[in-house]
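J.: I have a structure here, written as structure tokens, and I will follow up with some questions on it.
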Amino acid sequence: MNFFRRLFFLWKKEEPESGKADDLRRTFFEYREKAPEVLCYLRRERKIARRDLELIVIDNEEEPAWQVCHVLQRLLPEMKLLTIVTGRQEYFSRLARDAFEEYGLLVAMTAGYGEKPAGNLVLDLRDWEKQLTMLGDMSTEQRVGKDQFSEA
């Protein structure tokens with residue numbers, strides 16, 4: 001009988017850890033899908049028109065580069081200039097080439113965190129969990145409401 005109690009105790013103990021890893025993975029994929037909404041919210045807060053958006057993205061170097069590329073690919077149609085602040089520029093060279101060919105979008109990359117790149121909105125991908133929480137806290141009316149700065 002003690003054997004089954006120990007087995008049950010170990011089984012219960014491992015369950016939260018595996019669930020936590022699944023939650024982190026789900027959260028990132030949720031952020032990837034909602035990244036355009038996050039960008040739209042930040043644009044509205046700063047009152048920047050879509051056609052005037054010059055985005056500065058600070059790379060999250062703790063995440064694999066392909067995940068960051070997926071987020072950026074979803075955001076490419078929203079801007080006229082993209083600057084990526086990263087220490088791993090070689091991973092984003094193909095994204096820069098594809099963005100120019102498909103959208104005519106210029107992508108600049110800089111390795112230095114000390115210099116100030118050109119742009120009017122900063123999206124720090126190191127804070128993606130915070131941004132997703134911020135988006136979740138908003139009411140549906142605020143998220144779906146008309147984007148008065150989309151054409152202005």
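J.: Taking region 91-112, which residues are within 18 Å of residue 53 (Cα to Cα), assigned to a helix (DSSP H, G or I) and of a type in the set (A, V, I, L, M)?
T.: 96, 99
J.: For region 117-135, how many residues meet the condition of being within 21 Å of residue 44 (Cβ to Cβ) and open to solvent by less than 50 Å² (accessible area, probe 1.4 Å)?
T.: Residues in region 117-135 being within 21 Å of residue 44 (Cβ to Cβ) and open to solvent by less than 50 Å² (accessible area, probe 1.4 Å): 10 in total.
J.: To continue, here is another question. So which residues in region 99-111 are open to solvent by 40 Å² or more (accessible area, probe 1.4 Å) and touching a helix residue (DSSP H, G or I) at 6+ places or on another chain (Cβ under 8 Å), if there are any at all?
T.: Hits for region 99-111 are 102, 103, 106, 109, 111.
J.: Go through region 39-70 and give me each residue that's in contact with a Ser or Thr (Cβ under 6 Å, 6 or more places away or on another chain) and not in a helix (DSSP H, G or I).
T.: Selection gives 56, 59.
J.: Does residue 24 satisfy the condition of being at pLDDT below 90 and in a helix (DSSP H, G or I)?
T.: Spelling it out, residue 24 is indeed at pLDDT below 90 and in a helix (DSSP H, G or I).
J.: Checking residue 114 against (1) open to solvent by 90 Å² or more (accessible area, probe 1.4 Å); (2) over 20 Å from residue 45 (Cβ atoms); (3) modelled with pLDDT under 90, which single condition isn't satisfied?
T.: (1)
J.: Has region 79-94 got any residue that is open to solvent by less than 60 Å² (accessible area, probe 1.4 Å) and modelled with pLDDT under 85?
T.: no
The values are calculated or read from the model by the stated rules, or taken from the named source; none is laboratory data. Here the structure is a predicted model, which is why all the values come from computation and not from measurement. A quick note on method: Cβ atoms are made from the backbone with ideal geometry, for glycine too, and the neighbour counts reach across all protein chains shown. Keep in mind that these areas ignore ligands, DNA and RNA; they rest on the heavy atoms of the full protein, side chains included. Shrake-Rupley method; radii C 1.70, N 1.55, O 1.52, S 1.80 Å.
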